[in-house]
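Undergrad: Below is the structure I would like to discuss, written out as structure tokens.
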Ligand code: FEO
């Protein structure tokens, strides 16, 4: 409902926005379920704090929601856990209304707030690990958690209510009627895994460090800045531990582009070989694939197989794009194979192989066929699938 607010803990209010209609993030990531920008209002006896804000365009909605609890001009601390505009975009508006408020942030965050939001030094309060603010019987402590997923990121911990505000960490792009994790089944973890793949997977060492750090804190509620709030924090903490360091699946992610279904014939033969050895294969036709789903499948796959036709002397642009995405997301893949068709000169397979190897992915085999694969090419692809599956099982 428009204007909805709710308590996540006693006198601790969600004043965020559910952006049901947003369909893309970072001009890259599809948002099939929209997203939310969660902001939290914590009034104290002496001081009032707002944890994060909302995406540009929702400033007046945010102020309206805050007004249902207190006069927005009475905010004393505006906490910026992360500088990206989906959470920090309303900072200029809030600082303009709350004339005495301080923007609370890390030193790196201060550099960013100056550049992005033109915040002056005197309006900022720089904090570091272990610093805290007393709102009057309500204590907010700050935890440095850099590179989740920008260098300035930090968490805020509300000691008395044992609430962790980790901003993007543990988030999910999901706008629905549900406010809490226990109102949702496995769909939430499914969406959180997609979010992890898109946003956090490139930063696995910082993810592991943050999990280690928060394991020492008693947490009853995790209130991220996207998606539902966890009243069962173990649910998402355990999922993250599994994704970042748990066992990988015997799974091959098969991605391909095919202009005239010739590379596709090679894909089918490879899939037959993989399946014959009892290994799971998940297929994405890049002409129609949702890259968020592709990213999610990469989280726990051991291998990727890339089918790439040569297109004007180089890889088909969709295969190039997918390979660049894999390099950027840094999945834990162990091995790869690359194959495809060409018209006259070839080169697509070689260039994708080189791109993967430059990022330390091991390419264990390749095959390139002219125009349309003959039966010997099909047999070769089946064998490539079988050998890939055997390798996957051995890892
Ligand atoms: Fe949800 Fe990195 O912003």
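Undergrad: Quick one: what pairs do we get from the range 141-156, first residue touching a residue at least 40 places away in the same chain (Cβ under 8 Å) and over 15 Å from residue 52 (Cβ atoms), second away from the ligand (no atom under 15 Å from the Cβ) and in a loop (DSSP other than H, G, I, E, B), C-beta under 6 Å, 6+ apart or different chains?
TA: none
Undergrad: Let me ask something else. Would you mention how many residues in the range 133-163 are within 16 Å of the ligand (Cβ to nearest atom) and touching a strand residue (DSSP E or B) at 6+ places or on another chain (Cβ under 6 Å)?
TA: Restricting attention to the range 133-163, the residues satisfying the condition of being within 16 Å of the ligand (Cβ to nearest atom) are 145-156.
Subsequent filtering for residues that are touching a strand residue (DSSP E or B) at 6+ places or on another chain (Cβ under 6 Å) retains 145, 154-156.
Qualifying residue count, the range 133-163: 4.
Undergrad: Which of the numbered conditions does residue 296 fail, given that it passes all the others? Conditions: (1) at pLDDT 95 or above; (2) over 30 Å from residue 54 (Cα atoms).
TA: (2)
Undergrad: Considering the range 165-186 alone, what residues qualify as being outside any loop (DSSP other than H, G, I, E, B), touching a strand residue (DSSP E or B) at 6+ places or on another chain (Cβ under 9 Å) and away from the ligand (no atom under 16 Å from the Cβ)? Full working, then the answer.
TA: Residues of the range 165-186 that are outside any loop (DSSP other than H, G, I, E, B), as a first pass: 165, 180-183, 186.
Filter once more, so that each one left must be touching a strand residue (DSSP E or B) at 6+ places or on another chain (Cβ under 9 Å): 165, 180-182.
If the condition is that a residue be outside any loop (DSSP other than H, G, I, E, B), touching a strand residue (DSSP E or B) at 6+ places or on another chain (Cβ under 9 Å) and away from the ligand (no atom under 16 Å from the Cβ), then 180, 181, 182 are the ones that fit.
Undergrad: Looking at residue 130 and the list (1) within 24 Å of residue 9 (Cα to Cα); (2) away from the ligand (no atom under 16 Å from the Cβ); (3) at pLDDT 95 or above, which single condition is not satisfied?
TA: Every condition holds for residue 130 apart from (3).
Undergrad: For residue 241, are the conditions met, namely being within 16 Å of the ligand (Cβ to nearest atom) and either assigned by TED's automatic domain parsing to the domain that holds residue 19 or touching a helix residue (DSSP H, G or I) at 6+ places or on another chain (Cβ under 6 Å) (or both)? Quick ask: steps written out before the conclusion?
TA: Details: within 16 Å of the ligand (Cβ to nearest atom): no; either assigned by TED's automatic domain parsing to the domain that holds residue 19 or touching a helix residue (DSSP H, G or I) at 6+ places or on another chain (Cβ under 6 Å) (or both): yes.
Judged against the criteria, residue 241 is not a match.
This table checks each residue for (1) in contact (Cβ under 8 Å) with a residue 60 or more places away in the chain; (2) in contact with a strand residue (DSSP E or B) (Cβ under 6 Å, 6 or more places away or on another chain); (3) away from the ligand (no atom under 15 Å from the Cβ).
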{"position": "45", "(1), (2), (3)": "yes, no, yes"}
{"position": "55", "(1), (2), (3)": "no, yes, no"}
{"position": "69", "(1), (2), (3)": "yes, yes, yes"}
{"position": "89", "(1), (2), (3)": "no, no, no"}
{"position": "106", "(1), (2), (3)": "no, yes, no"}
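Undergrad: Hey, another quick one. Just to be sure I understand the filter: pairs with C-beta atoms under 6 Å, separated by 6 or more residues or on different chains, first member in the range 111-127 and part of a loop (DSSP other than H, G, I, E, B), second member surrounded by 15 or more Cβ atoms within 10 Å (Cβ to Cβ). Which pairs pass?
TA: From residues that are part of a loop (DSSP other than H, G, I, E, B), the pairs are 119/103; 119/113; 127/104; 127/142.
Undergrad: Among the candidates 19, 76, single out the residue that is in contact (Cβ under 8 Å) with a residue 60 or more places away in the chain and touching a strand residue (DSSP E or B) at 6+ places or on another chain (Cβ under 6 Å).
TA: Numbers: 76 fails: in contact (Cβ under 8 Å) with a residue 60 or more places away in the chain.
19 is the lone residue from the list that is in contact (Cβ under 8 Å) with a residue 60 or more places away in the chain and touching a strand residue (DSSP E or B) at 6+ places or on another chain (Cβ under 6 Å).
The values are calculated or read from the model by the stated rules, or taken from the named source; none is laboratory data. Because the structure is a prediction, the values reported are computed rather than measured. Quick reminder, even Gly has a Cβ in these numbers, built from the backbone with ideal geometry, and neighbours come from all protein chains shown.
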